[in-house]
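**Student:** For reference, the structure I am asking about is given below.
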Amino acid sequence: MDYNPKSLKAEEFIHDGEIRDTLRWAEEHKNDLPLIRSLLDRAEDCKGLTHREAAVLLKCEDEELRQRMYALAARIKDRFYGNRIVLFAPLYLSNYCINGCRYCPYHGQNKHIPRKRLTQEEIVREVTALQDMGHKRLALETGEDPKNCPIEYVLESIRTIYGIHHKNGAIRRVNVNIAATTVENYRKLKEAGIGTYILFQETYNKAQYEYLHPTGPKSDYAYHTEAMDRAMEGGIDDVGCGVLFGLNLYDYDFVGLLMHAEHLEAVHGVGPHTISVPRLRRADDIDPDQFDNGISDDLFEKIVAILRIAVPYTGLIISTRESQACRQRVLKLGVSQISGGSRTSVGGYAEEDQEEEDSSQFEISDRRTLDQVVSWLLDEGCIPSFCTACYREGRTGDRFMTLCKSGQIVNCCHPNALMTLKEYLEDYAAPETREKGLRLIEKETEKITNPKVRETVIHHLHDMEGGLRDFRF
Ligand code: SF4
Ligand code: SF4
């Protein structure tokens, strides 16, 4: 079996031999400083790097070059994403699961976790609570259980969520993270108006994957790995990939992740819309110390920076699994989206006692409220953005990527960030956050170079004070 990025067979596009060759080659060349310098020079053009090229950067331990990588990642981040950070929250609908994933407390054999599936009335309560925090963008999460959580339930829940308008609130983009499914079901999700379909690979190493997923439908490595192809066949333009660092050797999964991105680009003409980089966390029945592949904060930072260089057009997502300190370190290196004020249990937003997350999927490290996260981003000189404009304007898939690659998307992102931040400040912010935010908006509005756009933004910002909402480019 040969390596073939255009193949639709998992073991050909995530080719074990190619990953091992790549890692061997990277190890042999990790001290070839002229080679690494030339790769960094070339990456200045923001056209990305191949999995081999990225692997050699990952292996390189030269301190001066590491600093160069970080500076380059920060420049690329600045060019495509500026100082904007998009905010979202996960919403757990159901923790029923028939799979046996060894690293997740929702695995079917775990008898001490209470199983819950939100009713539509409970979803209304959860989403109302999320809207009252200021969220506009959600990622739906469910376990896999065709009986207790069928696709019809997910579709009905999406309809419910889009239909909730509490005060000035609205969820404008629902991303969906559910188990690998059929082309037909992906088509239904597309018709329901989802934003991104997210599915983490967990690990690309087939043997390790099979060990970690001993039972249930998820144990089928090929079906899981080929899911994004079926999603795209079903008409979903934007897909989000990720691995769970800590499950397998990080370098293998790093290369696999980039090969997956190259495969999607080669077959569908568009790579992943986002990449998430979660690390294994403690949870009920799960002790991360049982897994000996954990990665340090330093290495995590390096992975984020090199991903930014290798796939400049792909959004990078960091969740509240990571601590404030760690999120701070990677903020400027390439992250474009973070979650804030998250609850990782079913029904966690409407419940009064936030400590009682007995059904949570993992322990949250960053437990700040959304307003505290917004305030922190403002202190860091970032623009917290609640923008959801692209998919509502039909800018998805290759249309989005063309705008992104040409750098034109910034003409939408920047004004949209300012206008959605203003909505947040008007409706939800604490007085101190509001003051800081208004100052930033004033400063950032002046930076809009196109006079017509600047004038329109000023106009809309003014209209918002009169109660109007939902302006976008
Ligand atoms: S990771 Fe997903 S599929 Fe596996 S046990 Fe947890 S919820 Fe179920
Ligand atoms: S304009 Fe599009 S790419 Fe930019 S922040 Fe909004 S949704 Fe994202």
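The values are calculated or read from the model by the stated rules, or taken from the named source; none is laboratory data. Being a predicted model, the structure only gives us computed values, none of them experimental. Quick reminder, even Gly has a Cβ in these numbers, built from the backbone with ideal geometry, and neighbours come from all protein chains shown.
**Student:** Regarding residue 3, is this residue of a type in the set (Phe, Trp, Tyr) and either more than 20 Å from residue 254 (Cβ to Cβ) or outside any helix (DSSP H, G or I) (or both)? So that I can check it myself, show each step before the final result.
**Tutor:** Numbers: of a type in the set (Phe, Trp, Tyr): yes; either more than 20 Å from residue 254 (Cβ to Cβ) or outside any helix (DSSP H, G or I) (or both): yes.
For residue 3, the condition - of a type in the set (Phe, Trp, Tyr) and either more than 20 Å from residue 254 (Cβ to Cβ) or outside any helix (DSSP H, G or I) (or both) - is met.
**Student:** Another question, if that's okay. Inside the stretch 54-68, can you point out the residues that are over 17 Å from residue 313 (Cα atoms) and assigned to a helix (DSSP H, G or I)?
**Tutor:** Listed by number, the residues that qualify are 55, 56, 57, 58, 59, 63, 64, 65, 66, 67, 68.
**Student:** Would you mind stating whether residue 392 is closer than 23 Å to residue 77 by Cα and either within 18 Å of the chain's Cα centre (by Cα) or of a type in the set (Lys, Arg) (or both)?
**Tutor:** So residue 392 fails the test.
Listed here are the residues, each with its yes/no results for (1) among the polar types (S, T, N, Q); (2) within 16 Å of ligand 2 (Cβ to nearest atom).
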position	(1), (2)
116	no, no
126	no, no
152	no, no
157	yes, no
164	no, no
167	no, no
174	no, yes
183	no, no
187	no, no
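For (1) within 30 Å of residue 370 (Cα to Cα); (2) touching a His at 6+ places or on another chain (Cβ under 6 Å); (3) surrounded by 22 or more Cβ atoms within 10 Å (Cβ to Cβ), each residue gets a yes or a no:
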| position | (1), (2), (3) |
| --- | --- |
| 12 | no, no, no |
| 29 | no, no, no |
| 43 | no, no, yes |
| 47 | no, no, no |
| 73 | yes, no, yes |
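This table checks each residue for (1) surrounded by 20 or more Cβ atoms within 10 Å (Cβ to Cβ); (2) within 16 Å of ligand 1 (Cβ to nearest atom); (3) of a type outside the set (Gly, Ala, Ser); (4) without any contact (Cβ under 8 Å) to a residue 60 or more places away in the chain.
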| position | (1), (2), (3), (4) |
| --- | --- |
| 138 | yes, no, yes, yes |
| 156 | no, no, yes, yes |
| 166 | no, no, yes, yes |
| 179 | yes, yes, no, no |
| 189 | yes, no, yes, yes |
| 214 | no, yes, yes, no |
| 220 | no, yes, yes, yes |
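**Student:** Something else about it: Going by what's in this entry, would residue 265 be described as more than 21 Å from residue 380 (Cβ to Cβ), free of Cβ contacts under 8 Å to residues at least 24 places away in the same chain and in a helix (DSSP H, G or I)?
**Tutor:** Numbers: more than 21 Å from residue 380 (Cβ to Cβ): yes; free of Cβ contacts under 8 Å to residues at least 24 places away in the same chain: yes; in a helix (DSSP H, G or I): yes.
It is true that residue 265 is more than 21 Å from residue 380 (Cβ to Cβ), free of Cβ contacts under 8 Å to residues at least 24 places away in the same chain and in a helix (DSSP H, G or I).
**Student:** Just to check your reading of the model, which residue among 82, 100 is more than 16 Å from ligand 1 (Cβ to nearest atom), in contact (Cβ under 8 Å) with a residue 60 or more places away in the chain and either surrounded by 14 or more Cβ atoms within 10 Å (Cβ to Cβ) or assigned by TED's automatic domain parsing to the domain that holds residue 334 (or both)? Break it down into steps so the answer makes sense when it comes.
**Tutor:** On the way: 100 fails: more than 16 Å from ligand 1 (Cβ to nearest atom).
Checking each option against the conditions leaves just 82.
**Student:** Could you tell me which of the residues 234, 242, 271 is more than 16 Å from ligand 2 (Cβ to nearest atom), crowded, with 17+ Cβ neighbours inside 10 Å, under 21 Å from residue 18 (Cβ atoms) and touching a residue at least 40 places away in the same chain (Cβ under 8 Å)?
**Tutor:** Selected residue: 242, the only one of 234, 242, 271 that is more than 16 Å from ligand 2 (Cβ to nearest atom), crowded, with 17+ Cβ neighbours inside 10 Å, under 21 Å from residue 18 (Cβ atoms) and touching a residue at least 40 places away in the same chain (Cβ under 8 Å).
**Student:** For residue 433, are the conditions met, namely being polar (S, T, N, Q) and either under 22 Å from the mean Cα position of the chain (by Cα) or within 16 Å of ligand 1 (Cβ to nearest atom) (or both)? If you could, list the steps in order and put the result at the bottom.
**Tutor:** Working: polar (S, T, N, Q): yes; either under 22 Å from the mean Cα position of the chain (by Cα) or within 16 Å of ligand 1 (Cβ to nearest atom) (or both): no.
Judged against the criteria, residue 433 is not a match.
**Student:** Just for the stretch 456-473: of the residues that are within 16 Å of ligand 2 (Cβ to nearest atom) and in a loop (DSSP other than H, G, I, E, B), which one is surrounded by the most Cβ atoms within 10 Å (Cβ to Cβ)?
**Tutor:** 471
**Student:** I've got another one for you. Residue pairs, Cβ under 6 Å, 6 or more apart or interchain, first in the stretch 407-433 and in the same structural domain as residue 454 (by TED's automatic domain parsing), second away from ligand 1 (no atom under 16 Å from the Cβ) and of a type in the set (S, T, N, Q). List them.
**Tutor:** Close Cβ pairs satisfying both conditions: 417/385; 420/385; 427/168; 433/375.
**Student:** Just to be sure before I move on: is residue 89 under 30 Å from residue 218 (Cα atoms), of a type in the set (A, V, I, L, M), in contact with a Gly (Cβ under 8 Å, 6 or more places away or on another chain) and more than 16 Å from ligand 1 (Cβ to nearest atom) in the structure I sent?
**Tutor:** yes
**Student:** For residue 84, which of the numbered conditions (1) more than 16 Å from ligand 2 (Cβ to nearest atom); (2) in contact with a strand residue (DSSP E or B) (Cβ under 8 Å, 6 or more places away or on another chain) fails to hold?
**Tutor:** It is condition (1) that residue 84 fails.
**Student:** Filter the stretch 254-302 down to residues that are touching a Gly at 6+ places or on another chain (Cβ under 6 Å) and either small (Gly, Ala, Ser) or over 30 Å from residue 345 (Cβ atoms) (or both), then give me how many there are.
**Tutor:** The qualifying residues number 6.
**Student:** For residue 424, all conditions in the list (1) at pLDDT below 90; (2) within 16 Å of ligand 2 (Cβ to nearest atom); (3) aromatic (Phe, Trp, Tyr) hold save one; what is the number of the exception?
**Tutor:** For residue 424, the failing item is (1).
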